[in-house]
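Beneath this line is the structure, given in structure tokens, with notes to follow.
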Amino acid sequence: MAVWDSIHSVLWIHGGYDGNLKSDLWKYDSDWSLIQTPNMPSARAQHVAVWDDARLAIWLHGGYDEQGASAKMKGMGTYRKTDTDMLFGRHFG
């Protein structure tokens, strides 16, 4: 999934499938950065997401994880203007 953060002009890409489920998070803001932090959301594919300007967060919903189809919604983290990463562990849902 990919979402555009219009406040910070950043593209966020999470997860996917290349024969294995992925849980990685990438940030693009003129260069690609792999964001590595504890408490990442589970590996998943075919999920959807939206950028939340009010909470500065990515909301993930559904997709397929290790257990199969998921109907869960999870707030993935927040982006702080002073940081270069998403902060995980602050889940909203």
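What the table below lists for this structure:
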quantity	calculated
When residues of the stretch 63-76 are limited to those that are surrounded by fewer than 18 Cβ atoms within 10 Å (Cβ to Cβ) and in a loop (DSSP other than H, G, I, E, B), the one modelled with the lowest pLDDT	A71
So G93, is it over 12 Å from M1 (Cβ atoms) and at pLDDT 70 or above	no
Identity of the residue in the stretch 14-49, within 11 Å of G63 (Cβ to Cβ) and among the aliphatic types (A, V, I, L, M), that ends up nearest to the chain's Cα centre (by Cα)	A49
Leading residue by the ranking (modelled with the lowest pLDDT) among those in the stretch 1-45 that are basic (K, R) and under 20 Å from E66 (Cβ atoms)	R44
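The values are calculated or read from the model by the stated rules, or taken from the named source; none is laboratory data. Owing to the predicted nature of the structure, the values given are computational and were not obtained by experimental measurement. Heads up, the Cβs are rebuilt from the backbone with ideal geometry, glycines too, and the neighbour counts pull from every protein chain shown.
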